[in-house]
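Quick notes on the structure that follows.
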Amino acid sequence: MRFDIITIFPEFFRGVFDFGIVRRARAGGLVEVAAHDLRGWTHDRHKVVDDRPFGGGDGMVLKPEPIFEAVESLTGLAGGDAERFREAGRRVVLLSPQGRSLTQALAGELSKAEQVVVICGRYEGVDERVAEALATDEVSIGDYVLSGGEPAAVVLVDAVTRLVPGALGSETSAVNESFSEGILDFPNYTRPVEFRGRRVPEVLLGGHHAEVARWRRRAALGKTRRNRPDLFERAELSDAERERAGGGDD
Ligand code: 6GU
């Protein structure tokens, strides 16, 4: 799988993909990541990538021409019908606060693509024809405003790369993680058994596997209910589980 990131700040990405699982996946040839300067697809002396919004208003809007040319040169395919990219095993992701949410499910879908082209939005916006006719997906990473799509591109590359088969290594699996089941992960503890007056829950020290599993499930549900009531509401739980996790803090 190959990620091609289109940005006006290619230097932003220097070094960020040189750590951990992404570094190992790149070293192992599972993924390639390249950042490209949008200005390389302009044709004027000043390499202008933005212009004033029709209808008036503050700020500048990224022009469509360099973005269309960038995607066409990086994919070798004509833009204008995003469905063609999907049929060719490519995804073209426009990162913007107006996108649909990046979820574990979407990350899983993207991990199956041959190529993911990532367009980093900037300034006050991107000419809407990019969303209408070029991008296969318009994606946001959460309900807050970033100054640009670059930090979101780092998030997306990380979340997708770890789902590429082989990226996590044999000992780790993505199936037992937070969100794969729609609830949060259970709490973990390591040595020492007592730290600043706080002890590790006794059940975890005993080696009774069934009891440990029961405790973990219950603790995960309790934490989900407290920190993410939205997820708890939607989770498929038995009445007994919902009951046990409900009520006071455990
Ligand atoms: Cl993808 N871009 C920007 N500019 N802000 C965001 C975002 C993306 N996702 C959440 N906020």
TODO: Starting from the Cα of VAL200, step 7 Å along the direction of its Cβ; do the same at ARG84; then give the gap between the two resulting points in nm.
DONE: 5.9
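Based on a Kirkwood Rh over C-alpha pairs, give the Stokes-Einstein translational diffusion coefficient of the range 27-129 at 20 °C and viscosity 1.002 mPa s in µm²/s.
Numbers: Rh = 15.3 Å.
Value of D from the Cα-based Kirkwood radius: 140 µm²/s.
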Open item on the list: If amide hydrogens are placed 1.01 Å from N in the peptide plane, which non-local residues have theirs closer than 5 Å to the one on VAL116?
Closed with: ARG2, PHE3, ASP4, ARG91
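Tell me which trypsin sites (Lys or Arg not before Pro) from the range 1-39 have a DSSP coil assignment and no more than 12 other beta carbons within 10 Å of their own. Could you put the intermediate results ahead of the total?
Working: sites: ARG2, ARG14, ARG23, ARG24, ARG26, ARG39; in loops: ARG14.
For trypsin sites (Lys or Arg not before Pro) across the range 1-39 that sit outside H, G, I, E and B with at most 12 neighbouring Cβ atoms in 10 Å, the list reads ARG14.
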TODO: Place a +1 charge on the Cβ of each Lys and Arg in the range 121-250 and a -1 charge on the Cβ of each Asp and Glu, then give the dipole magnitude about the Cα centre in debye, rounded to the nearest 20.
DONE: 880
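Which of the helices in the chain, when you take each full DSSP H run, stretch at least 20 Å along the axis at their Cα atoms and have an average Kyte-Doolittle score of 1.0 or higher? Numbers along the way, then the final one.
Details: long enough: 209-227 (26 Å, -1.47).
Qualifying helices: none.
Between ASP230 and ARG100, what length in nm is gained on full extension when 0.36 nm per residue of separation is reduced by their alpha carbon distance?
Working: separation 130, 0.36 × 130 = 46.80 nm, distance 1.70 nm.
Roughly 45.1 nm would be gained on extension.
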TODO: For ALA35, enumerate residues with amide H under 5 Å from its amide H, sequence gap 5+ or separate chain, H modeled in the peptide plane.
DONE: ILE5
Task: Dipole axis of the chain (+1 Lys, Arg; -1 Asp, Glu on Cβ), positive-most option in PRO151, PRO53, ALA27 - done: ALA27
Task: Point-to-point label distance, HIS209-HIS43, nm (Cα→Cβ direction, 7 Å offset) - done: 6.7
Open item on the list: Using the Kirkwood radius over C-alpha pairs as Rh, can you work out the diffusion coefficient of the range 194-247 via Stokes-Einstein at 37 °C, viscosity 0.692 mPa s, in µm² per second?
Closed with: 263
- [ ] Indicate the gyration tensor shape class of the range 56-109 (rounded, prolate or oblate), computed on the Cα atoms with a ≥ b ≥ c the square roots of the eigenvalues: a/c under 1.5 is rounded; otherwise a/b larger than b/c is prolate and the rest oblate.
- [x] oblate
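Counting each pair of different Cα atoms once, what's the Kirkwood radius of the range 137-250 in Å, rounded to one decimal? Let's see the in-between values first.
Numbers: mean 1/r = 0.0584 Å⁻¹.
About 17.1 Å for the range 137-250.
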Task: Rg and Dmax [Cα atoms of the chain; Å; Rg one decimal, Dmax integer] - done: 22.3, 71
Open item on the list: If the reach is capped at under 21 angstrom between alpha carbons, list the lysines near LYS223, excluding any in the same chain fewer than eight residues apart.
Closed with: none
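Readers should treat all values here as calculations from the given coordinates under stated rules, not as data from a laboratory. Keep in mind the model is a prediction, meaning the values are calculated, not measured. Glycine gets a Cβ as well: all are built from the backbone with ideal geometry, and neighbour counts include every protein chain shown.
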